[in-house]
Amino acid sequence: MKIDIVIPWVDGMDPAWQEVKNEYTASEGTDHGINRYRDWDLLKYWFRGVEKFAPWVNKIHFITWGHTPKWLNKDADKLNIVLHQDYIPEQFLPVFSSHPIELNMHRIEGLAEQFIYFNDDMYLIRQVKPEDFFRNGLPVDTVTEVPLRFNPGGVDHIIGNDMLIINKHFSKGQVISSNKKQWFSLKAMKSTLKNIYMKPVNGFSAFDNPHVPQAFCKNVFNQVWDKEKELLEQTSSHRFRSNEDVNQWLFRYWQFVTGQFVQVKDISGKFFSIGRDNIAIEEAILGQKYNTICLSDDDISLDFEEEKKSLQVLFEKILPEKSSFEL
């Protein structure tokens, strides 16, 4: 079984990219803050982590607007550089939102049926195996139903849009009845107890979304596009992130309700917010406490240059050797 990785990246400081972006005005209600685009200069440690901790990966599909880091070895054997125009339909270009980039990933030429989607703020920091992501060809995941809450500035509106689609096509009672071993697994008691608690609620409310790399089957993207082409095209047409969007979690939820996944206790990953969680970040990286970590850029007011240098020092301690992806 070949397992690929897909990772999008943008250099928000590229003058050419800024010139194109500035030609378009973000409408009210869109999310286009600087933290959506700034680059922390940690990408080489992402590549080093994949090469050292997941050498079994078949191919890395590196999505970019057009720019690439100066140090990147474009001829690396496992690297496939993918431009937006290579796979996103022309009528939606240019895009400055991650959602069109994510919703159309299945169109990437040569993409394996099994692939792992990384945001560029997610890093491998210790050894992982293929079965940490796929077993018998199915994605490894943990389904946990939770109440849907709406927090200011969050993605809850988008989750709500995803759930509307899930409830449109699936009966909660029938889904759970057909997949009891996944929804009420003795191996994942914490999730099972929450699923039992949420079971009387009419329809699916929401699912817990750990900020970790996500295992996908490409055919699930095709299934959802077949059912909801108009909706997915609508989100793809939004140049900037909008509360009216759906996102890639819709495909994850579809895997849940169709039983196309393997239920596990939990995924070894941890979410951190840069600036707020600095002590915990240092402990996690140096102690290599998790398979993956997500270092979220949430605070626009933090000392960007200082925080960036601190993170580079930490990663250099566990990943000092150059990878084949570097010149």
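The values are calculated or read from the model by the stated rules, or taken from the named source; none is laboratory data. It should be emphasised that the depicted structure is a prediction, and the values quoted were computed from it without experimental measurement. FYI the Cβ positions are ideal-geometry reconstructions off the backbone, even for glycines, and counts take in every protein chain you see. The area values use the complete protein model at the heavy-atom level, side chains included, leaving out ligands, DNA and RNA. Shrake-Rupley method; radii C 1.70, N 1.55, O 1.52, S 1.80 Å.
Values computed for the structure shown
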| quantity | calculated |
| --- | --- |
| Estimated FRET transfer efficiency when R0 is 56 angstrom, pair SER324-ASN202 (beta carbons, to 0.05) | 0.60 |
| Rounded, prolate or oblate (a/c below 1.5 giving rounded, otherwise prolate when a/b exceeds b/c) for segment 278-327 by Cα gyration tensor | oblate |
| Contour minus Cα-Cα distance for GLU283 and ASN219 (0.36 nm per residue) | 19.2 nm |
| Distance (nanometres) between label positions extended 7 Å along Cα→Cβ at GLU113 and GLN174 | 2.5 |
| Mean separation of Cα contacts under 8 Å (6+ apart) over length of segment 233-299, as relative contact order % | 29 |
| Relative contact order %, segment 186-327, counting alpha carbon pairs below 8 Å whose residues are six or more apart | 26 |
| Eligible lysines near LYS70 by straight Cα distance, threshold 19 Å, same-chain separation 8 or greater | LYS44, LYS78, LYS308, LYS309, LYS322 |
| 15 Å Cα-Cα reach of LYS168 towards aspartates and glutamates, excluding residues that sit fewer than 8 places from it in its own chain | ASP226, GLU228, GLU230 |
| Over 30 Å (Cα to Cα) - which of LYS2/LYS229; LYS227/LYS270; LYS2/LYS190 fall in this group | LYS227/LYS270; LYS2/LYS190 |
| Accessible-area ranking of ARG48, ARG276, largest first, probe 1.4 Å | ARG276, ARG48 |
| Sequence-separation-based contact order of the chain, relative, with Cα cut under 8 Å and 6+ spacing, percent | 27 |
| Cut-off 12 Å between beta-carbons: net charge of the residues surrounding PRO94, Lys and Arg +1, Asp and Glu -1 | -1 |
| Accessible area expressed per residue, segment 97-208, with surrounding protein chains retained (probe 1.4 Å, Å²) | 49 |
| Accessible surface of SER242 - all protein chains present, 1.4 Å probe, nearest 10 Å² | 20 |
| The chain: most fluctuating residue of ASN161, ASN136, ASN80 per GNM, C-alpha cutoff 10 Å | ASN136 |
| Carbon plus sulfur fraction of accessible area for the chain, probe 1.4 Å, in percent | 49 |
| Cβ-based net charge around ASP226, under 15 Å, with every Lys or Arg adding one and every Asp or Glu removing one | +2 |
| Cα-based shape type of segment 71-153, given that a ≥ b ≥ c are square roots of the gyration tensor eigenvalues and the cut on a/c is 1.5 | oblate |
| Gaussian network model of the chain, Cα within-10 Å springs - most flexible of VAL262, VAL313, VAL246 | VAL313 |
| Within the chain, helix-based [θ] at 222 nm, where runs of 4 or more DSSP H residues each add -39,500 (n - 2.57), nearest 500 | -10000 deg cm²/dmol |
| Computed accessible area, LYS180, all protein chains, 1.4 angstrom probe, square angstrom | 120 |
| Assigned charges on the beta-carbon of Lys, Arg, Asp, Glu; the chain dipole about Cα centre (debye) | 1600 |
| Cα centroid of segment 85-160 to Cα centroid of segment 237-260, whole Å | 9 |
| Gyration tensor (alpha-carbon) shape descriptor, segment 136-258, a/c threshold 1.5 | prolate |
| Accessible area in the full protein assembly, largest first, 1.4 Å probe, for GLU305, GLU90, GLU326 | GLU90, GLU305, GLU326 |
| Which labelled figure in [x] 0.94; [y] 1.13; [z] 1.11 is Rg/Rh (Cα atoms, Kirkwood Rh), once derived from the coordinates | [x] |
